[in-house]
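Beneath this line is the structure, given in structure tokens, with notes to follow.
The values are calculated or read from the model by the stated rules, or taken from the named source; none is laboratory data. Quick caveat: nothing in here was measured; it's all calculated off a predicted structure. Cβ placement follows ideal geometry from the backbone for every residue including glycine, while neighbour counts extend to all protein chains displayed.
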Amino acid sequence: MPTKIEKDVISGRETTGQVWDGLRELNTPIPRWWLYTFIATCVWSVGYVVVYPSVPGLFGYYHGAIGYSTRVEVNSQVASIAAIRARSMDRIEATPFAQIASDPKLMAVAMAAGKITFANNCQPCHGAGGGGRPGFPTLASDSWIWGGKLEDIQTSVQHGIRNEDPDARMSQMPRFGVDGLLKPVEIAAVADYVLALRGANKDGTDVTAGGKLYAENCVACHGEKGEGKREVGAPNLRSAVNLYGTSKDAIIAQISAPRQGVMPGWNARLDAATIKSVAIYVHSLGGGE
Amino acid sequence: MNEYVTPSADEVSLYGDRVRVYPRAVHGIARNFKWALLIFCLAVYYILPWVRWNRGPGNPNQAVLLDISTERFYFFGITFWPQDIVLLTGGLILAAVGLFLITSLFGRIWCGYACPQTVWTDLFMLVERWIEGDRNARMRRDAGPSTLDKVWRKLAKHSVWLGVAFWTGGGWIMYYVDAPTVVGDFWTGQASYGVYGFTFLFTATTYVLAGWAREQVCTYMCPWPRFQSAMLDEQTLIVTYQGWRGEPRGRGKRDVIPAPVLGDCIDCHACVHVCPTGIDIRDGVQLECIGCGLCVDACNEIMTRTSQPLWLIKWDTLARQAGLAKGEIVEPIKLVRPRTLIYLAVLGIAVAAMGIGLAMRSLLEVSVQHERAPLFVRLHDGSLRNAYTLKLVNKYTHDVSFTVTVEAAMRAKLQVAGSTDAPADAITILVPADSVGAYRVFLDAAPGGVEAKNAEITFLLRDTTDNILIKRSANFIGAGKPGGG
Ligand code: SF4
Ligand code: SF4
């Protein structure tokens, strides 16, 4: 026996037959195509589970019918980027510095590679942007110990300074005080003379004795006027830029028992094109010659 | 009175079968306006990508082009840069408030006449009517067996639909890439996957939405009908059936004596048959109604034929209709109300802000950034160097050369990084046309004590062509102690 479907008096529409506090809910069914769309998404999800990695297991997971893996995809993308990058890097390696500079595209690649490499490898000692740290030279300045030409910088990065590399930049300043080469008064006199060279002899101390000692012991490396000698890594004594301080005490300490920086050679860790890029980047920081 | 009986579960389905709507052709004022707007909108859409605009060599000559690869939006004489995104935001606000205003005044004008869903559905229905005939012919054929006549008409209809959809989908792409080029590339197989993919996508959506989904989009998918009621009130002009005049509805002669107790509505269902969403306007305001006014036209035709006054279904406000139903004298339609005034004010502010923004939009942009690592560098002669990055945006189509100087309390010289020129009081920077450049410059303060302190400085950039002076303040970071020592 068919029951009559309840109708709402006012709207004349069917109701769901449910009543809450006297309110009857009109039957407003959702369209059937909407249901089919929902079923279609369910079917799609089954296909997705089958095709793609989906079900986790205790010792692994279901790899999917086509064996897709995001890790494999990342690796292949990294490899393809490396292949693309290699094209430019090979050219950087083969091209002389002057020609790289006149090729804006190649230059941009070198600068980018140099910047990243610098941040990863050089920054801990030389500071961000080559700003330097106490005892570690500022690279953004025009004051150089071993030379600021692109080739000089390249050599310094390749072989480093005072390390085991046979081609490393080498020099040894005698330990005038510790090894007894000069007496403390003599060292103090030399320090006074160095201060005078820097134009810092404000009280007019007599520096003739110091000058004589300087001529005998220091001139060979640091030069007549304290201008330094890059072949032996002897710093310019008159430069406003210095590694270990410019007070008289600091100078005396440096003459007595010189501190001398060591830098690793990067040949072992970085390839030639990358080192060249680092040289270009460092050269661009502001002091390149 | 109906007695309520709870139906058993198998009688009430959870899902409703789609009731096919077979809208009938109709003529009248609303229909004419709708045709006019349809032709205008479609003409703009299909023709605009082909309009050319000369921007000089090396620049696209398409009047309206949203060039994703170079991040430019060309609109006739104006070129927008990504930095102008605020104008887009402003434009969207403008569109939204404009829509609110129009809706609070005239109801769902947008839905009924200008919405792309409506426009393309109308176009597809026109094609359908041409090929399959009007409502009755279509219903009869659909209910009948698959005859040759039915098959070829269906095939023809869907082919034309697909053609229009393809034209529409392709037209969309032309707003993103040069139209003549992409058409050539498309047919010679040289276009990008993106072009083919999006053409296919928009062809498919047009075909499905305008051909198959139609009123289902408005009723079930679109959010606008759900919240447009927030803009409507009893003073809004909407399509209404004047029940007080029409009821009691019924067929039968009205000029006999004694006159039967019948209203003006002859219950012919003409208003239902023309309705693109298949509803009965006589049931009152409904979510499904897109306010197209076709039922107004349909009923006016009937009223003319039955020699009764027109406008049994008309555009009117709920407040007036409520009054008329009670036999009161009603006030005229109020277009000026607090709500519309507020929308108008917001719209005015938005238009003004946009106008000012557009007018003051500079074609040269300059920003100066102090470099942070390192903050400063001591040079061998004791001078102190600060480095700055000048970001120069040249939106002109010609190169611009700037002369850069610095106003500072100390003696300082400028140098472009990497340049072999000696530091000088003024430097020149050339910014190529239509480009953004970042230029590193050094400011070397001579030793003497002043350079030890932080200082405020000002960069002065003079555009040498137009002699425009741009000032940007910046900081000079001192070393905290004098150099040279
Ligand atoms: S078209 Fe007019 S007369 Fe006919 S049913 Fe609709 S309201 Fe009544
Ligand atoms: S009820 Fe009238 S105004 Fe509303 S959608 Fe249908 S035809 Fe258009």
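Computed quantities for the displayed model
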| read-out | value |
| --- | --- |
| Residue list for region B:257-286, filter: assigned to a loop (DSSP other than H, G, I, E, B), modelled with pLDDT of 90 or more and more than 10 Å from ligand 2 (Cβ to nearest atom) | B:D264, B:C265, B:I266, B:D267, B:C268, B:H269 |
| Total residues in region B:434-468, condition outside any strand (DSSP E or B), modelled with pLDDT of 85 or more and of a type in the set (G, A, S) | 1 |
| So A:K229, is it without any contact (Cβ under 8 Å) to a residue 12 or more places away in the chain, in contact with a helix residue (DSSP H, G or I) (Cβ under 7 Å, 6 or more places away or on another chain) and under 24 Å from A:S143 (Cα atoms) | yes |
| Selection status of B:E328, within 14 Å of ligand 1 (Cβ to nearest atom) and surrounded by fewer than 20 Cβ atoms within 10 Å (Cβ to Cβ) | no |
| Where a residue in region A:111-129 is within 13 Å of chain B (Cβ to nearest Cβ) and surrounded by 15 or more Cβ atoms within 10 Å (Cβ to Cβ) and its partner, wherever it lies, is assigned to a helix (DSSP H, G or I) and among the β-branched types (V, I, T), with Cβ under 6 Å and at least six apart | A:F118/A:V278 |
| Every pair of residues 6+ apart whose Cβ atoms lie under 8 Å, when the first sits in region B:187-203 and is over 22 Å from B:P116 (Cβ atoms) while the second is of a type in the set (V, I, T) | B:A191/B:V182 |
| Answer from B:A210, B:A230 - the residue that is closer than 30 Å to B:V97 by Cα, in contact with a helix residue (DSSP H, G or I) (Cβ under 6 Å, 6 or more places away or on another chain) and away from ligand 2 (no atom under 14 Å from the Cβ) | B:A210 |
| Among (1) away from ligand 1 (no atom under 16 Å from the Cβ); (2) within 14 Å of another protein chain (Cβ to nearest Cβ); (3) surrounded by 14 or more Cβ atoms within 10 Å (Cβ to Cβ) - the single one B:I290 does not satisfy | (2) |
| Residues of region B:404-417 satisfying the condition of being exposed (fewer than 15 other Cβ atoms within 10 Å of the Cβ) and either closer than 30 Å to B:A433 by Cβ or under 45 Å from the mean Cα position of the chain (by Cα) (or both) | B:E407 |
| Odd one out for B:R282 among (1) buried (at least 21 other Cβ atoms within 10 Å of the Cβ); (2) near ligand 1 (Cβ under 10 Å from one of its atoms); (3) of a type outside the set (G, A, S); (4) more than 14 Å from chain A (Cβ to nearest Cβ) | (4) |
| Sole residue being surrounded by fewer than 21 Cβ atoms within 10 Å (Cβ to Cβ), within 11 Å of chain B (Cβ to nearest Cβ) and either at pLDDT 95 or above or over 16 Å from the mean Cα position of the chain (by Cα) (or both), chosen from A:D142, A:D152 | A:D142 |
| Selection count, region B:359-405, where residues are small (G, A, S) and either at pLDDT 90 or above or part of a strand (DSSP E or B) (or both) | 3 |
| Residue satisfying all of: in region B:287-312; among the charged types (D, E, K, R) and assigned to a helix (DSSP H, G or I); farthest from the chain's Cα centre (by Cα) among these | B:R305 |
| Meets criteria (within 30 Å of B:T458 (Cβ to Cβ), more than 16 Å from ligand 2 (Cβ to nearest atom) and outside the structural domain of B:R472 (by TED's automatic domain parsing)) for B:L344 | no |
| Candidates B:A433, B:A438, B:A474, B:A426 - the one that is within 14 Å of chain A (Cβ to nearest Cβ), of a type in the set (G, A, S) and in contact with a strand residue (DSSP E or B) (Cβ under 9 Å, 6 or more places away or on another chain) | B:A438 |
| Elements of type helices (runs of 4 or more DSSP H) contained in region B:138-218, each with 3 or more residues being at pLDDT 95 or above | B:148-173, B:193-206 |
| Meets criteria (over 14 Å from B:F476 (Cα atoms), surrounded by 14 or more Cβ atoms within 10 Å (Cβ to Cβ), within 13 Å of chain A (Cβ to nearest Cβ) and in contact with a Lys or Arg (Cβ under 8 Å, 6 or more places away or on another chain)) for B:L379 | yes |
| Residue within region B:235-254 that is more than 14 Å from ligand 2 (Cβ to nearest atom), under 26 Å from B:A114 (Cβ atoms) and either of a type outside the set (S, T, N, Q) or touching a Lys or Arg at 6+ places or on another chain (Cβ under 9 Å) (or both) present | yes |
| Residues satisfying the stated conditions in region A:13-28, i.e. in contact with a Ser or Thr (Cβ under 6 Å, 6 or more places away or on another chain) and at the interface with chain B (Cβ under 7 Å from one of its Cβ atoms) | A:G17, A:N27 |
